[in-house]
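Everything on this sheet refers to the single structure shown next.
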Amino acid sequence: MWWESLTRYYGGPRAHATRCITDDLSYLWVLVPPISFISAEIFRVINVPLFFSTFHHPSQREHVQPSLVFSMLALSTLVRSGDIIGLGETGRLRALELRDLAQSYLDTSLNSGWITPGLAQAALLLAIFERSCHPAHSESRARSALFLLDSLILGLGLLDLDEEEYNVTTFSPNSVPSLVGPLSDHIGQAAISPGVTKRGCSCSHFQLSNTSPSSKKITPFWLACPGWSEEWGVIETRREEQRRLIWNTLTVASGHLSHYDSVRRTSRNLGITKPWNFKVFFPGEGLFGTPQMQDGLAAKHSIWALYSRSYLLYTGCFSVHHDESISEYDKGQFAVQAWLECERIEKMLNTHTCDIESASLYFGRQILFEYARYNSSTSRLITNDSPLRSTKNLVSSQYSRYVPHPNVGDPRFHRDKAMSWLSHRTHVVQQFVALSHGAGLKNTLGTRPILTLWFHDQLARYLNIWGQDPTLHIALDLCLQLLPLAEYLIALFPSDYPRQRYEALHQRLVDACILSGIPPPSPPRYIIV
């Protein structure tokens, strides 16, 4: 029995081992504050009270996938294993042991045919683990974990979860995942019409802190996530868990694609990255009760739905870009519609008066700036050149006819677009930098090894932009601000591959600064202060 094995692994009397296991599981929910959309969204996939009520009931515990428990313990141990301020190397090696045990139990369930949504939840946590900085990290491990997760979701048919529901959102193959209709148009116009006062939104009413008052004790740092209705029974709660599993997997897959984009490599398409495969309600959509609220804001336009739609737009752009069966002309048409959908989502985000976005450092808008708008430009979909380079033949003949910008065929348009995006990134980077003062960095970044590689991807992207237009010194300024944070996490969570990549990026930044007449950064020291 897996429970017996786990208590023996922890050692000591059974009661003591059980308390230690429970404390380690609780750490993810109770003590780890989210500091970004990356961390906040990933963990909302599990209804914590339901999980613990099942976990603590001996007869029901047998229905819990052991790999789910072991993967939780692995991740909980890893985030506490930074050098000096955490468990150090001993903790990181223990996290790897727990991760290997989780994988072993997952393989056993697969081989025995015990394939449930809980197994996919475990695979999601293992994919998060492999995207984090740990001693055995490698790109091949991260890819394998994500491909396994994708295959489990497809095999379980989770993308068709709400196929029979009349109001589920679906999209046509190879088309932009867009929700265009009277309500969308009305909301978009309201966001930009002069003299129109925002009416607000209903998101705060449906966030976790309001739907589940007890969450303030159970999951105090996750209160801005969509809640769980107390009217739902176990079956409907499980279905909502499955929906959130899908959307969180999309978040992780988007990070995977973003990484490959930053290093200028292609990645195999996944089933989860094709929007037309989705027949699933948006996260928290069921909380609204009816498809449309009385205040005119649809459930599909909640802050959580809009963020999910941003990820759909990004992954849709990626899928079309790498689909050789789609003609150049059709890719150009797709780019036009992707741009317009990006505009619509941004306008709808502007109608929100809730403060939920600030809790995620506006990562949904990063998707719009960095991915959907920036990478879905015609130049990105039609050619392998940088999105800063204009493919004038298609831009002038197709793109400029539809996109409402008079200078779209002008190279200055692409520079202005880059400047707009970089200015937005300055705001985000400064929020991370603010965490580095005093104890904030140790308490917050110090439990986020998953941000190590994300920081590297940002550095690579800023350097790529500067490489296309060396007058964009703001890109180098962003690198110089982000570099100490990336180095700090490497020092906390030593690992060969992330360190090698960081040092390569550091040298690229040094060379760029010298060419631009900017003082270069100091050599890496990997000092924890």
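The values are calculated or read from the model by the stated rules, or taken from the named source; none is laboratory data. Here the structure is a predicted model, which means the values were calculated and not measured. Cβ sites come from the backbone with ideal geometry, for glycine too, and all protein chains shown count toward neighbours.
For segment 68-84, what are the residues that are more than 17 Å from Ile21 (Cα to Cα) and touching a Ser or Thr at 6+ places or on another chain (Cβ under 9 Å)?
Answer for segment 68-84, where residues must be more than 17 Å from Ile21 (Cα to Cα) and touching a Ser or Thr at 6+ places or on another chain (Cβ under 9 Å): just Gly82.
Step by step: first the residues of segment 477-527, then only those that are aromatic (Phe, Trp, Tyr) and surrounded by 14 or more Cβ atoms within 10 Å (Cβ to Cβ), then the one that is nearest to Ala95 (Cα to Cα). Which residue is that?
Phe493
Select from segment 67-85 the residues that are farther than 14 Å from Ile490 by Cα and among the small types (Gly, Ala, Ser) and write down the one among them that is surrounded by the fewest Cβ atoms within 10 Å (Cβ to Cβ).
Ser76
Looking at Leu78, Leu124, can you tell me which residue is within 17 Å of Phe51 (Cβ to Cβ) and touching a residue at least 60 places away in the same chain (Cβ under 8 Å)?
Of the residues listed, the single one that is within 17 Å of Phe51 (Cβ to Cβ) and touching a residue at least 60 places away in the same chain (Cβ under 8 Å) is Leu124.
State yes or no: is Pro177 assigned to a loop (DSSP other than H, G, I, E, B) and in contact with a Phe, Trp or Tyr (Cβ under 6 Å, 6 or more places away or on another chain)?
In short, yes.
I'd like the full set of residues that are in contact (Cβ under 8 Å) with a residue 24 or more places away in the chain and assigned to a helix (DSSP H, G or I), limited to segment 500-529.
Matches in segment 500-529: Arg501, Tyr502, Leu505, Arg508, Leu509, Ala512, Cys513, Leu515, Ser516.
If you go through segment 137-179, how many residues are closer than 26 Å to Ile345 by Cα and out of contact with any His (no Cβ under 9 Å at 6 or more places or on another chain)?
Total meeting the criteria: 20.
Of all residues in segment 427-469, which are at pLDDT 85 or above and over 22 Å from Glu503 (Cα atoms)?
The answer is Asp469, and nothing else.
Name the residues in segment 11-43 that are within 26 Å of the chain's Cα centre (by Cα), at pLDDT 85 or above and part of a loop (DSSP other than H, G, I, E, B), would you?
Residues satisfying the conditions do not exist here.
Taking segment 131-142 as the search range and keeping residues that are under 16 Å from Leu489 (Cβ atoms) and in contact with a Lys or Arg (Cβ under 7 Å, 6 or more places away or on another chain), which one is surrounded by the most Cβ atoms within 10 Å (Cβ to Cβ)?
His134
Name the single residue, out of those in segment 226-256 being among the small types (Gly, Ala, Ser) and touching a Leu at 6+ places or on another chain (Cβ under 8 Å), that is farthest from Asn47 (Cα to Cα).
The initial filter retains those residues of segment 226-256 that are among the small types (Gly, Ala, Ser), namely 227, 229, 233, 253-255.
So of that shortlist, the ones also touching a Leu at 6+ places or on another chain (Cβ under 8 Å) come out as 227, 229, 253.
Numbers: Gly227: 9, Ser229: 11, Ala253: 22 Å.
It comes out as Ala253.
Looking at the structure I just gave you, is Ile84 among the β-branched types (Val, Ile, Thr) and not in a helix (DSSP H, G or I)?
Judged against the criteria, Ile84 is a match.
Can you list residue pairs whose Cβ atoms sit under 6 Å apart, with the first residue in segment 135-154 being under 15 Å from Thr452 (Cβ atoms) and the second being at pLDDT below 95 and assigned to a loop (DSSP other than H, G, I, E, B)? Count only pairs 6 or more apart in sequence or on different chains.
Pro135/Ser495; His137/Ser495
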